[in-house]
Amino acid sequence: MSIKENFYNDIEKRAYTMYEQYKYLIEKGFGNEDEVSKYQLKFNFLNNLELGGKAWVKNNFDYIQINTGVIDNFLDYFYDLTKNETNKFLSRLPFNFEEGDSTSYEMIKFNADGTAILYDSKIIDEKLAGLLTIFVSRFIVSHELGHILNGHCKFLNSKRENSIQYIPMFSEDNNSTDNILSPLDFRTLEMDADAFAATDSIKNLIMLYWKFDENVNKDINIKPSELFYWWSFAIRSNFLITQKILNEEKYKPSKKHLPSVARWMLILSSSLDLIDKQVDTINFKDGDDKQKILQEIIDGYLYAEKCYNERFSTFFNCYEETKENKDFHTFVNETQQNWEIIREELDEFSRLILYKRQ
C-alpha cells in the first residue's frame, strides 16, 4: 500500500471518528437519542486529481466525498517543502554535496532527564509533512461536517422539492438565474462552515497540546506549543495553494466563496478569538502562556507565506492584502450581516446550536 493510500485510509477513519463524536455531543446536549441515531455517515474518496469535493444529505445518510487530488496536492507540497528545508540546512554545512543528491542527517537530542533520542532527518521530513497534511485534511472534513451538522444541506434540499442539493467544495461563478440561493447566501454558508472547522481545529489542538506525549509522534521533533505554529502554517498553505490553482483572488458578487485570503483572515480571527476565550481551560506547560500560543499561530502563517513566496516568486501577504482593501471589508461585512438573516432559516434544520453574534 502506498503512502498516499495510507493517508486516504487514515483520513477516512478520522472522518468517521469525528462524526461519531459530534453525534455523541448532540445526543448529550439535546437528549434526543432517536433523532441523532437515525443518521449515518457515508464518506468516500473519489479518484480525481483535481481539487474538489462535496457534501449532501439524502434520506438519513450524510455524505462527504473528497477528491484524492486534495490530499495528493497538499502531501506533495508539504513533503517537497520539508525536504527543501533540510537541504537548505545541509547546504550551510562545510561539506561538498552534488546537486540532486538525496542527503540526510542524524542527530541526538538529550531530554531534561538525561535520556537521549536519535532523530533521522528523512523521518522528520516525512512525519512533519504527514502532520501538516492531516491538519489540512481534518480542517476540510470539519468544514464539510459543518455543512451537514449546521443544517446547510437539508436547508438547500428544502428549497427544491424532491431534489437533493450538493454543496461543492469549490464552484464556478454563479451567473445562472436557476439557483436556489443567491451567491451571498452561499458565501454565508461557506463562512459558517469555515468557522465550524476553525472551532473544531482549535479545540482539537488544545486536546493534542494537553496530551502531547500520548498523541504526537516523537519523530517529528517539535514542542507542544509548536502544534499551533504548524497548524497555522498548514491551513494558510492550504488557502495559498487553493488561491493559485483556482485563480480566485477577485471579489465578485457572482462568487459563491469569498476569495481565499478573505476566508483565511476570518479563520485566523476566529481561531485567535477562541484561544482567548478558552484560555482558562488550557493547562499551559512550563514556559507557555496565552501570548506564546497566539504568537505561534501568527508566526506559523507568516512562515507559510514566506515559503510559498520563495517557491513561486509571489508576494502574498494576507495582512497587507486586506487591511485597507475596501472590497474585503465590504464583502466580509455583507456576509456577516447576512448570517443573522440566514441563521433563522437554518435553525429548523441544524442539529447543533448555531452561532449568534453578540
Going residue by residue through the stretch 319-335, the Karplus relation 6.51 cos²θ - 1.76 cosθ + 1.60 with θ = phi - 60° gives ³J(HN,Hα) values, rounded to whole Hz and with x marking Gly or Pro, of 5, 5, 6, 10, 4, 10, 8, 4, 4, 4, 5, 5, 5, 5, 4, 4, 5
Per residue, how much accessible area does the stretch 253-312 show when a 1.4 Å probe rolls over the protein heavy atoms, in square angstrom?
-> 47
Ranked highest first by the average count of other Cβ atoms within 10 Å around their residues, in what order do 150-160, 42-52 fall?
-> 150-160, 42-52
Peptides 256-266, 327-337 ordered by average Cβ neighbours within 10 Å, highest first = 256-266, 327-337
Quick one: which residues, 5+ away or cross-chain, put their amide H under 5 Å from the amide H of residue 67? H built at 1.01 Å from N.
-> 46, 52, 53
Taking a cut-off of 22 Å between Cα atoms, list the lysines near residue 255, but don't count ones fewer than 8 places away on the same chain.
-> 54, 154, 159, 244, 323, 326
Accessible-area composition of the stretch 213-318, carbon plus sulfur, in percent [1.4 Å probe] | 47
Difference of contour (0.36 nm per residue) and Cα-Cα distance, residue 334 to residue 48 = 99.5 nm
In nm, give the distance between the simple-model label positions of residue 290 and residue 163, each being 7 Å from the Cα along the Cα-to-Cβ direction.
-> 4.8
Whole-Hz couplings from phi, Karplus 6.51/-1.76/1.60, listed for the stretch 231-239; x for Gly and Pro | 5, 4, 4, 5, 6, 5, 4, 3, 6
What list of ³J(HN,Hα) values in whole Hz, one per residue of the stretch 12-29 in order, does the Karplus curve 6.51 cos²θ - 1.76 cosθ + 1.60 (θ = phi - 60°) give from phi, with Gly and Pro shown as x?
-> 4, 4, 4, 4, 5, 5, 4, 4, 5, 5, 5, 4, 5, 5, 5, 4, 5, x
Net charge of neighbours whose Cβ lies under 12 Å from the Cβ of residue 212, counting Lys and Arg as +1 and Asp and Glu as -1 | 0
Long-range amide H contacts for residue 41: which residues qualify at under 5 Å (H placed 1.01 Å from N, peptide plane, sequence gap of 5 or more or a different chain)?
-> 62
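The values are calculated or read from the model by the stated rules, or taken from the named source; none is laboratory data. Note that the coordinates shown come from a computational prediction; the quantities given were computed from them, not determined experimentally. Ideal geometry is used to build each Cβ from the backbone, glycine not excepted, and the neighbour counts take in all protein chains shown. Note: areas computed on protein heavy atoms with side chains; ligands, DNA, RNA excluded. Shrake-Rupley method; radii C 1.70, N 1.55, O 1.52, S 1.80 Å.
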